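The values are calculated or read from the model by the stated rules, or taken from the named source; none is laboratory data. Keep in mind that what you see is a predicted model, and the values were worked out from it rather than measured. Note that we place each Cβ from the backbone using ideal geometry, even for glycine, and neighbour counts take in every protein chain shown. Only protein heavy atoms, including side chains, enter the accessible area calculation; ligands, DNA and RNA are left aside. Shrake-Rupley method; radii C 1.70, N 1.55, O 1.52, S 1.80 Å.
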Amino acid sequence: MTGGNPLRDAQDRRLPRIAGPSGLVIFGVTGDLSRKKLMPAVYDLANRGLLPPGFSLIGFARRDWADQDFAQVVHDAVREHSRTPFREEVWQQLAEGFRFVPGEFSDDQAFENLGSTIEELDKARGTGGNFAFYLSVPPKFFPKVVRQLKDHGLSEGRGDSWRRAVIEKPFGHDLASAQELNKVVHEVFRPSDVFRIDHYLGKETVQNILALRFANTMFEPLWNRSYVDHVQITMAEDIGIGGRAGYYDGIGSARDVIQNHLLQLLALTAMEEPASFDAKALVAEKLKVLMAVKLPQDLGKHTVRGQYAHGWQGGEEVLGYLEEEGIDPNSTTDTYAAIKLEIDNRRWAGVPFYLRTGKRLGRRVTEIAIVFQRAPYSPFDTTDTQELGQNALVIRVQPDEGVTIRFGSKVPGTSMEIRDVTMDFAYGESFTESSPEAYERLLLDVLLGDANLFPRHQEVEESWRILDPVEAFWENAGKPEQYTAGTWGPKAAQEMLARDGRSWRRP
Ligand SMILES: NC(=O)c1ccc[n+]([C@@H]2O[C@H](COP(=O)([O-])OP(=O)(O)OC[C@H]3O[C@@H](n4cnc5c(N)ncnc54)[C@H](OP(=O)(O)O)[C@@H]3O)[C@@H](O)[C@H]2O)c1
């Protein structure tokens, strides 16, 4: 009992969230994601004291490795990619809980071995039978791995212990495949034990959308059709497809980014205030707003796709998409996509949400810009306000995390000239502690069973409902427009906004 002392209550709630006895199995542990993100996240959590002392990590992959070989691979990944400094004593304790199980996903004996390894770890390290299975594998194997877990009795814990599945994106490639995958996964795991990763939700700046909107009074009164002119949500990358041709070709930027990350950002930006911040209440609001999202009638005018062509980026000559290794020279896959969406509800009717994403664009940036209407009347001379733009509130998701507010201000001098200025909040300047990596936060949440930051299957399906007609339209719409690498995308994207009397921001 805290006896109702508000100060002590506040302190108690900020006690570190430490995972209870548990372990993690990573399928596809030799992959890129595992080495660059998951292994470092496990170490960083251990280093911050957020994992239980007997925490165990089992790697599953097609390699003839002993436990020590696996430990060496994790060690190298941690040394190269972890966020926090390397500490030998933390490493030693963590590494005692490492095991490796070699095998193919179709290999029954390998899953039996996995079961014995889990039992051995339960006894040796007191994991309590609590294990999360992280499917960091090519999506076509999601159903197979989930079924193997069931067939070998690994998907259900005994007694009070839990078993959870963590599933990477992409979750399906259209509505039908997502529904099919959900069906398979829910035959094996209870919906509350399935954690679908959208790593954007693990980012501090994305969670800050909720703080900004619902912990303050000054923004929410303006957050609607009476004051907002439009919203732009951008995720721009400067890189090309790198070594991921096999994954990317045939998928494209809209399926890779808009279906998950950008529609989640839209949902958090546009949703109503949830009754609380538990997963159920949050999902209910996100789902409600996603259900109200509509595509405009004329997709030819209000969607654009592009493909990067040869160009220069950061002083380096780079290949066009069709010249990249492993890409079909006739591929029509989009590396750039822009879509106008409408939200049919009282708050947003008539306010367009423009979403865009692309590879090989001018710079790497993700931001949400709420662009406000112009003042209904200006008492100033038009010559004095010709440099004045629209007010905007920009949530800078990455890099350079923070929030910018743009407004008009008088230029010093004897005339009443007014120009835009900005007011800035930067995470780096306001807080001393650095932000945890998204995967750190999300892995800890999985171990704690906290589902707030994980999209539920209804949201995933709703997002495909929005995107499927666009993909179907593009399929019969010829080739995507080429844009020079290092620029801000196809001309048609500029024209799309110009037709509405608007323009894309240059972040
Ligand atoms: N990389 C990223 O940044 C990123 C970002 C977002 C989402 N994702 C998602 O995360 C997942 C993993 O991505 P990734 O880039 O790490 O993929 P990856 O580098 O291709 O790794 C795939 C892993 O699966 C294993 N594997 C493939 N077929 C197997 C089989 N039949 N039996 C056993 N193991 C098999 C591979 O083992 P071998 O070494 O034996 O081939 C490898 O460990 C995918 O769902 C991807 O869409 C990745």
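Things to note:
- Principal axes of region 334-490: Cα extent on each, largest first, Å: 60, 49, 40
- Charge dipole (Cα centre; +1 on Lys/Arg Cβ, -1 on Asp/Glu Cβ; no other charges) of the chain amounts to roughly 1000 debye.
- The relative contact order of the chain, computed from alpha carbon pairs under 8 Å that lie at least 6 residues apart in sequence, is 17 percent.
- Value at 222 nm in deg cm²/dmol, rounded to 500, when DSSP H runs of n ≥ 4 in the chain each add -39,500 (n - 2.57): -9500 deg cm²/dmol
- Summed over all non-identical Cα pairs, the Kirkwood treatment of region 37-183 gives a radius of 16.4 Å.
- Residue (of THR205, HIS152, TYR308) at the positive-pole extreme of the chain, dipole from beta-carbon charges: THR205
- The share of C-alpha pairs in region 253-397 whose separation exceeds 18 Å stands at 69 percent.
- Positive-pole candidate from VAL318, TRP464, THR422, dipole of the chain, charges at beta carbon: THR422
- In whole angstrom, region 233-339 maps to an equivalent ellipsoid with semi-axes of 33, 16, 13, each derived as √(5λ) from the alpha carbon gyration tensor and ordered largest first.
- Given +1 at the Cβ of Lys and Arg, -1 at the Cβ of Asp and Glu and no other charges, the dipole of region 241-318 around its Cα centre is 280 debye to the nearest 20.
- Positive-end residue of PRO490, VAL371, GLY23, charge dipole of the chain with Cβ unit charges: VAL371
- Per residue, region 199-251 exposes 40 Å² of solvent-accessible protein surface, assessed with a 1.4 angstrom probe and all protein chains in place.
- Excluding same-chain neighbours fewer than eight residues apart, the aspartates and glutamates reachable from LYS36 by a Cα-Cα span under 15 Å are ASP44, ASP76, GLU80, GLU168, GLU437, GLU440.
- Cα shape, region 416-504, gyration tensor, a/c 1.5 rule: oblate
- Net dipole in debye of region 351-426 [+1 Lys, Arg Cβ; -1 Asp, Glu Cβ; about Cα centre; nearest 20]: 500
- Per the Debye calculation on region 318-380 with a single equal scatterer at every Cα and no solvent contribution, log₁₀ I(q)/I(0) for q = 0.19, 0.25, 0.28 Å⁻¹ amounts to -0.91, -1.14, -1.25.
- Computed log10 I(q)/I(0) for the chain at 0.06 Å⁻¹: -0.31, from the Debye equation with unit scatterers placed on every C-alpha and solvent omitted.
- With distances taken between every two different alpha-carbon atoms, region 392-451 has a Kirkwood hydrodynamic radius of 14.7 Å.
- Surface share of carbon and sulfur [accessible, 1.4 angstrom probe, percent] for region 284-348: 49
- Per-residue ³J(HN,Hα) for region 148-164, Karplus 6.51 cos²θ - 1.76 cosθ + 1.60, θ = phi - 60°, Hz, x for Gly and Pro: 4, 4, 5, 4, 9, x, 9, 7, 10, x, 8, x, 8, 6, 10, 10, 10
- Cα convex hull of region 221-283 - mean projected area over all directions, nm²: 6.7
- Cα-based reach from LYS410 at 19 Å (exclusive), listing aspartates and glutamates while leaving out same-chain residues under 8 positions away: ASP381, ASP384, GLU387, ASP420, ASP424
- Using the 1.4 Å probe convention, the accessible area of region 68-166 works out to 49 Å² per residue with neighbouring protein chains retained.
- For LYS479, the aspartates and glutamates whose Cα comes closer than 19 Å to its Cα, not counting residues fewer than 8 places off in the same chain, are ASP249, ASP256, ASP298, GLU323, GLU324, ASP328, ASP334, ASP468, GLU471, GLU495.
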